[in-house]
Amino acid sequence: MEDLSFNNLSNQPGSSLLRTQVYEYLRRELKEENLKPGMSVSMNELMTHLGISRTPLRDALLQLQNEGFVTFLPQRGIRINKLSQKDIENMYEMLGALDSRVLLAVFDRISSREIEQMKQINEEMGKNLTEQNFPRYWNLNTAFHNVYLNLSSNDLILNHINILRQRMFEFGKKDWSLRRKHVIHKEHLTLMELIEKGDAVAAADFMRDQHTILDLDAKISHSP
């Protein structure tokens with residue numbers, strides 16, 4: 001982990017600023033794989049490394065545990081959670097249910113402007129199918145879905161969708177096969193066609209029952 005101290009912040013119990021700073025720092029460490037799945041980390045080591053007291057660290061870690069990223073180990077610290085193939089399949093199913101619900105709720109607000117934005121993003125994805133830069137392709141895919149998700153004011157659902165995305169793709173080394181990229185690009189075309197036809201139910205059903213169903217022939221590989 002990078003050398004970092006939060007001593008310049010309020011180190012008193014209940015300091016929301018410090019807790020948030022620690023939480024965001026740990027999220028970056030997870031994303032950059034300095035904290036790897038399966039790794040066990042001592043609370044005392046983290047406290048010493050960050051130069052903070054137990055309370056803000058514990059509060060930040062409790063939030064990460066609630067989001068599924070870590071597990072507290074009694075008297076030992078925390079363990080960075082691994083994702084099994086079954087975990088990933090279950091999260092895809094949850095993502096489909098939540099995403100399709102938002103799509104139904106905002107469907108009447110999707111205008112030609114949003115559809116054009118989705119088309120432009122998907123066209124860019126099509127140009128990058130053979131690109132080995134997974135983060136860029138993933139960011140484009142996220143931007144595609146965010147066009148309609150951002151029309152929603154249901155922050156609770158949006159937060160859950162964001163956490164599921166991060167657990168599956170941002171926090172763990174991952175890639176999509178060329179075949180999977182082609183499938184995603186083609187399914188985006190189908191989704192946009194259904195939206196342009198004004199068929200909200202068909203679009204939501206497609207999102208839930210096809211687009212977010214994991215392709216078992218192209219299993220996702222996370223770092224050990």
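The values are calculated or read from the model by the stated rules, or taken from the named source; none is laboratory data. Every value quoted in this text rests on a predicted model; they were computed, and no experiment measured them. Cβ atoms come from the backbone with ideal geometry, glycine included; neighbour counts cover every protein chain shown.
Residues are listed down the side, and each one gets a yes or a no for (1) among the basic types (Lys, Arg); (2) modelled with pLDDT under 85; (3) in contact with a Pro (Cβ under 6 Å, 6 or more places away or on another chain); (4) farther than 23 Å from Ala97 by Cβ:
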| residue | (1), (2), (3), (4) |
| --- | --- |
| Glu124 | no, no, no, yes |
| Glu131 | no, yes, no, yes |
| Val147 | no, no, no, no |
| Asn150 | no, no, no, no |
| Asn154 | no, no, no, no |
| Glu170 | no, yes, no, no |
| Asp175 | no, yes, no, yes |
| Lys186 | yes, no, no, no |
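Evaluate region 108-120: report whether one residue or more is crowded, with 19+ Cβ neighbours inside 10 Å, under 19 Å from the mean Cα position of the chain (by Cα) and modelled with pLDDT of 95 or more.
No, the conditions are met nowhere in region 108-120.
Looking only at residues that are of a type in the set (A, V, I, L, M, F, W, C) and over 21 Å from the mean Cα position of the chain (by Cα) in region 48-77, which one is surrounded by the fewest Cβ atoms within 10 Å (Cβ to Cβ)?
Selected residue: Leu73.
Somewhere in region 131-141, is a residue surrounded by 16 or more Cβ atoms within 10 Å (Cβ to Cβ), within 17 Å of Arg208 (Cα to Cα) and of a type in the set (A, V, I, L, M, F, W, C)?
No - not one qualifying residue is present in region 131-141.
I need the full set of residues from region 78-92 which are surrounded by 14 or more Cβ atoms within 10 Å (Cβ to Cβ), assigned to a loop (DSSP other than H, G, I, E, B) and out of contact with any strand residue (DSSP E or B) (no Cβ under 9 Å at 6 or more places or on another chain), in order please.
Once the filter is applied, which keeps residues that are surrounded by 14 or more Cβ atoms within 10 Å (Cβ to Cβ), assigned to a loop (DSSP other than H, G, I, E, B) and out of contact with any strand residue (DSSP E or B) (no Cβ under 9 Å at 6 or more places or on another chain), region 78-92 yields Lys82, Leu83.
So is Ser152 among the small types (Gly, Ala, Ser) and within 19 Å of the chain's Cα centre (by Cα) or not?
yes
Restricting to region 17-37, count the residues that are in contact with a Lys or Arg (Cβ under 7 Å, 6 or more places away or on another chain) and either surrounded by 15 or more Cβ atoms within 10 Å (Cβ to Cβ) or at pLDDT 90 or above (or both).
Matching residues across region 17-37 total 1.
Which members of region 183-213 meet the condition of being in a loop (DSSP other than H, G, I, E, B) and of a type in the set (S, T, N, Q)?
Thr212
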